[in-house]
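These notes concern the structure reproduced below.
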Amino acid sequence: MNIIKEAFKFAQALITRKKTDFIILHHRAGDGDVESIHAEHLKNGWAGIGYNLYIRKNGQVFQGRPIDKVGSHCPNYNSISVGICFEGNFEIEKMNDVQFKAGVEAIKYVKSLYKNTKTIGHREVYATKCPGKNFPLDKFKGV
């Protein structure tokens, strides 16, 4: 799997995660590139992009925060999880096969680095609809 790494400038020093228990899946609830997420998250007062990986509809996988760093994507779980975000709004659309396959590869990659992680949806641990009612969460949990 090819992970595209952008040269993001973070507003604060990033912290290395001490343990990784979860992979938390998100949707962007819209379209756009990884740079626009970084800009939005900086405006929120965060260090920068809060997700570790971002998967575009065309199957490209981008690194947000380095894979070993604490994210900013799910309160109370940031320090023990990798956050993977998918481009799109899966409340109103369905994921295409290319993006789904890239998601499978990304999850396998994270699990190769962090054994015994549990894959969950954002809504399972936070009051949100994310990653959307049409998101193939059960299929990703089987990876």
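The values are calculated or read from the model by the stated rules, or taken from the named source; none is laboratory data. The shown structure was predicted, so the numbers you read here are calculated from the model rather than taken from an experiment. Neighbour counts are summed over all protein chains in view; Cβ atoms, including those assigned to glycine, are modelled from backbone coordinates with ideal geometry.
Condition first: surrounded by fewer than 22 Cβ atoms within 10 Å (Cβ to Cβ) and under 21 Å from Asp21 (Cβ atoms). Now tell me which residues in segment 45-69 satisfy that.
Those that are surrounded by fewer than 22 Cβ atoms within 10 Å (Cβ to Cβ) and under 21 Å from Asp21 (Cβ atoms): Gln63, Pro66, Ile67, Asp68, Lys69.
Which one of these does Ala11 not meet: (1) among the aliphatic types (A, V, I, L, M); (2) closer than 20 Å to Gly132 by Cβ; (3) part of a loop (DSSP other than H, G, I, E, B)?
Looking at each condition in turn, Ala11 falls short on (2).
Can you confirm whether segment 92-106 contains a residue that is over 21 Å from Leu137 (Cα atoms) and touching a Lys or Arg at 6+ places or on another chain (Cβ under 9 Å)? Even if it seems obvious, please write down each step before you answer.
Taking segment 92-106 and keeping what is over 21 Å from Leu137 (Cα atoms), we get none.
No - not one qualifying residue is present in segment 92-106.
Which condition does Ile67 not pass, out of (1) of a type in the set (Val, Ile, Thr); (2) out of contact with any strand residue (DSSP E or B) (no Cβ under 6 Å at 6 or more places or on another chain); (3) over 24 Å from His41 (Cα atoms); (4) in contact (Cβ under 8 Å) with a residue 40 or more places away in the chain, if it passes all the others?
Every condition holds for Ile67 apart from (3).
Does any residue in segment 26-53 that is at pLDDT below 95 come within less than 7 Å, Cβ to Cβ, of a residue that is surrounded by 14 or more Cβ atoms within 10 Å (Cβ to Cβ) and part of a loop (DSSP other than H, G, I, E, B) six or more places away or on a different chain, and which pairs are these?
Trp46/Ser72
Can you name every residue in segment 33-57 that is over 14 Å from Gly83 (Cβ atoms) and in a loop (DSSP other than H, G, I, E, B)? Quick ask: steps written out before the conclusion?
Taking segment 33-57 first, the residues over 14 Å from Gly83 (Cβ atoms) are 33, 35-36, 39-40, 42-45, 56-57.
Scanning segment 33-57 gives Asp33, Asn44, Gly45, Arg56, Lys57.
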